[in-house]
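Working notes for the structure below.
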Amino acid sequence: MIKVVVIDRYDKRHELDAPTDMNMNMMELCRSYELPVEGTCGGMAMCASCHMYVLSSHEIGERSEDEEDMLDEAFFVEDNSRLGCQIKLEDSLDGIEIKLAPVG
Amino acid sequence: MIQTDIIIIGAGPVGLFTVFEAGLLKLRCHLIDSLPQPGGQCSEIYPKKPIYDIPAQPFILAGDLTEQLMEQIKPFSPGFTLGERAEFIEKDDEDQFIVTTNRGTKHRAPIIAIAAGLGCFEPRKPPVEGLLDFEDKGVEYIIKDPEFYRGKKVVISGGGDSALDWTVFLADVASEVTLVHRRSSFRGHPDSVQKVMDLAEAGKITLLTNAEVVGVSGDNLLCSVEVKHKSDGLSHIEVDHWVPLFGLSPKLGPLGEWNLKISKNAIEVDTFDYSTNIPGVYAVGDINTYPGKLKLILCGFHEATLMVQSAYKRIYPNKNLVLKYTTVTGPPGM
């Protein structure tokens, strides 16, 4: 179990307990806590409805080509933009801080 | 007026399979979908992705699943109203529903089955302040008639095929075309990318990469857009039209105003027959919710099967329905 901080679109902080042994990703974690992340495609990196920013300096793998392509359909993409479904919950992410991106 | 037995709203896998199960009971169906092709998310979002949990199909591509379902329901000759959004629902004095689309097409039936998945697909709108004020006053999310842009100054945003293709097409039509994209590579077809690059090189269009439209302004009509550049701040472009092309995303849309009981963007149903709070209106597949609901195509198929039994009894209250196996009845047909 790790701690994940999610800042919602009203700048409210949510400290979440996140299991690392259930093959979950950040989009699914947010949805399981009923935070407003759509995840329309279910986690295939085929939509951009789980766009979020990584605020802390945790090491996450590079964006894949699929992820990069889908971020083209997101808005206000920054250097720290990621698709939540492509961030796997792992022990190394303990304390990670993310912020939900604005939605269209 | 299109008359049928069941109006199915949503032509995704569950809507399509509803036609089959209804057909076995000799009920006719007509499907309405806002997308121009059947298949719903399966064809719009992930046609090339394999699905592994369809019984007896170790794996099947989502696009192939759609094709197979279309084949399976062919004997029942369902009707389709595609590219139109079911907008209004009303009841006439013969206890029939009338569903009218955004283009005014009217459908009449005693039963409605809502199989709308996550809702209808609509263009994604950039969260730019004041954007809504300029809709149809310079901001369009879909290019319907390219001639509309003849001699006009147009900014297109996006990095996919539609942004690239329209940039190429409008280069000969509009007086000025600027394509704004957030990075320097494009996900569109390599041919289209090359054409855009060539046009930019020849000075026929302006290509702004690593940039994003972040503001709109004008006096009633759109006059300029504000572009944020990754490297060097902001600039303004004088425009007549801005066309943001960021794909489609599903929204509950007009269904939310049909007086259905909605909970967390889904329609509450009774698991006895997947009926909603409006008698004669059912909801099946991802659009419904009930205790224990799982959003799986597989579960939607089951829901549709039970639902049409109830629909039959509603249409023919005095007829008894006997379950017949397709192994007994032979090839299905009307």
Task: Filtered residues of segment A:1-43 (kept if free of Cβ contacts under 8 Å to residues at least 12 places away in the same chain and in a helix (DSSP H, G or I)) - done: A:Arg31, A:Ser32
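For segment B:134-161: of the residues being small (Gly, Ala, Ser) and without any contact (Cβ under 8 Å) to a residue 40 or more places away in the chain, which is nearest to A:Phe76 (Cα to Cα)?
Initial filter on segment B:134-161 (small (Gly, Ala, Ser)): B:138, B:151, B:157-160.
The next check asks that each one be without any contact (Cβ under 8 Å) to a residue 40 or more places away in the chain; those that pass are B:151, B:159.
On the way: B:Gly151: 30, B:Gly159: 14 Å.
Per the stated criteria, the residue is B:Gly159.
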TODO: Select from segment B:122-132 the residues that are more than 10 Å from every other protein chain (Cβ to nearest Cβ) and part of a loop (DSSP other than H, G, I, E, B) and list them in ascending order.
DONE: B:Glu129, B:Gly130
TODO: Check segment B:25-45 and report whether any residue there is of a type outside the set (D, E, K, R), surrounded by fewer than 16 Cβ atoms within 10 Å (Cβ to Cβ) and on the phi > 0 side of the Ramachandran plot.
DONE: no
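From the set of residues in segment B:103-121 that are touching a residue at least 60 places away in the same chain (Cβ under 8 Å) and outside any strand (DSSP E or B), which is farthest from the other protein chains (Cβ to nearest Cβ)?
Residues of segment B:103-121 touching a residue at least 60 places away in the same chain (Cβ under 8 Å): B:105-121.
Right, trim to outside any strand (DSSP E or B) and you get B:105, B:110, B:115-119.
Numbers: B:Thr105: 27, B:Pro110: 33, B:Ala115: 17, B:Ala116: 14, B:Gly117: 10, B:Leu118: 6, B:Gly119: 10 Å.
For segment B:103-121, the residue satisfying everything is B:Pro110.
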Open item on the list: Testing B:Ile7 on (1) surrounded by fewer than 20 Cβ atoms within 10 Å (Cβ to Cβ); (2) in contact with a His (Cβ under 6 Å, 6 or more places away or on another chain), one condition comes back false. Which one is that?
Closed with: (1)
Open item on the list: Just to check your reading of the model, which residue among B:Leu31, B:Leu27, B:Leu65, B:Leu16 is in a loop (DSSP other than H, G, I, E, B), at pLDDT 95 or above and either in the same structural domain as B:His107 (by TED's automatic domain parsing) or touching a Phe, Trp or Tyr at 6+ places or on another chain (Cβ under 7 Å) (or both)?
Closed with: B:Leu27
TODO: List the number of the failed condition for A:Met26; all other conditions in (1) within 14 Å of chain B (Cβ to nearest Cβ); (2) in contact with a Gly (Cβ under 6 Å, 6 or more places away or on another chain) hold.
DONE: (1)
Open item on the list: Could you list, ordered by first residue, the pairs with Cβ atoms under 6 Å in which the first is in segment A:77-101 and within 19 Å of A:Met46 (Cα to Cα) and in a loop (DSSP other than H, G, I, E, B) and the second is among the β-branched types (Val, Ile, Thr) and modelled with pLDDT under 95, at least 6 apart or interchain?
Closed with: A:Ile87/A:Ile60
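From the set of residues in segment B:149-161 that are within 15 Å of B:Leu245 (Cβ to Cβ) and out of contact with any strand residue (DSSP E or B) (no Cβ under 8 Å at 6 or more places or on another chain), which is nearest to the other protein chains (Cβ to nearest Cβ)?
Within segment B:149-161, the first condition is being within 15 Å of B:Leu245 (Cβ to Cβ), and the residues that meet it are B:149, B:154-161.
Within this subset, residues satisfying the condition of being out of contact with any strand residue (DSSP E or B) (no Cβ under 8 Å at 6 or more places or on another chain) are B:159-161.
Values: B:Gly159: 4, B:Gly160: 6, B:Asp161: 11 Å.
Here the answer is B:Gly159.
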Open item on the list: Test of understanding: among B:Leu164, B:Leu179, B:Leu170, B:Leu207, which residue is surrounded by 17 or more Cβ atoms within 10 Å (Cβ to Cβ), more than 14 Å from chain A (Cβ to nearest Cβ) and closer than 24 Å to A:Glu67 by Cβ?
Closed with: B:Leu207
TODO: Specify the residue that is surrounded by the fewest Cβ atoms within 10 Å (Cβ to Cβ); the eligible residues are those in segment A:44-74 that are within 7 Å of chain B (Cβ to nearest Cβ) and part of a loop (DSSP other than H, G, I, E, B).
DONE: A:Met44
Task: Evaluation of B:Gln41 against (1) of a type outside the set (Phe, Trp, Tyr); (2) free of Cβ contacts under 8 Å to residues at least 40 places away in the same chain; (3) under 19 Å from B:Pro250 (Cβ atoms) (one fails), failing number - done: (2)
Task: Near pairs, Cβ below 7 angstrom, 6+ apart or cross-chain, from segment B:186-209 (in contact (Cβ under 8 Å) with a residue 12 or more places away in the chain) to any residue that is part of a helix (DSSP H, G or I) and among the acidic types (Asp, Glu) - done: B:Arg187/A:Asp69; B:Gly188/B:Asp161; B:His189/B:Asp161; B:Ser192/B:Asp161; B:Ser192/B:Asp165
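Conditions tested, residue by residue: (1) in the same structural domain as B:Ile114 (by TED's automatic domain parsing); (2) over 15 Å from B:Phe17 (Cβ atoms); (3) surrounded by fewer than 21 Cβ atoms within 10 Å (Cβ to Cβ).
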residue: B:Glu268; (1), (2), (3): yes, yes, yes
residue: B:Tyr274; (1), (2), (3): yes, no, no
residue: B:Pro279; (1), (2), (3): yes, yes, yes
residue: B:Ala283; (1), (2), (3): yes, no, no
residue: B:Lys293; (1), (2), (3): yes, yes, yes
residue: B:Thr305; (1), (2), (3): yes, no, yes
residue: B:Tyr316; (1), (2), (3): yes, yes, yes
residue: B:Tyr325; (1), (2), (3): yes, yes, yes
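Do we have A:Val77 as more than 14 Å from chain B (Cβ to nearest Cβ) and β-branched (Val, Ile, Thr) here? Walk me through how you get there before you give the answer.
Details: more than 14 Å from chain B (Cβ to nearest Cβ): no; β-branched (Val, Ile, Thr): yes.
So A:Val77 fails the test.
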Open item on the list: Which condition from (1) buried (at least 19 other Cβ atoms within 10 Å of the Cβ); (2) under 21 Å from A:Gly39 (Cβ atoms) is the one that B:Tyr52 breaks?
Closed with: (1)
TODO: Please specify each residue of segment B:238-262 satisfying the condition of being within 14 Å of chain A (Cβ to nearest Cβ) and closer than 19 Å to B:Ile9 by Cα.
DONE: B:Leu248, B:Ser249, B:Pro250, B:Lys251, B:Leu252
- [ ] Count, please, the residues in segment B:250-296 that happen to be part of a loop (DSSP other than H, G, I, E, B), touching a residue at least 40 places away in the same chain (Cβ under 8 Å) and more than 24 Å from B:Ile315 (Cβ to Cβ).
- [x] 3
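The values are calculated or read from the model by the stated rules, or taken from the named source; none is laboratory data. Remember, predicted model here, so these are calculated numbers, not experimental data. Note that we place each Cβ from the backbone using ideal geometry, even for glycine, and neighbour counts take in every protein chain shown.
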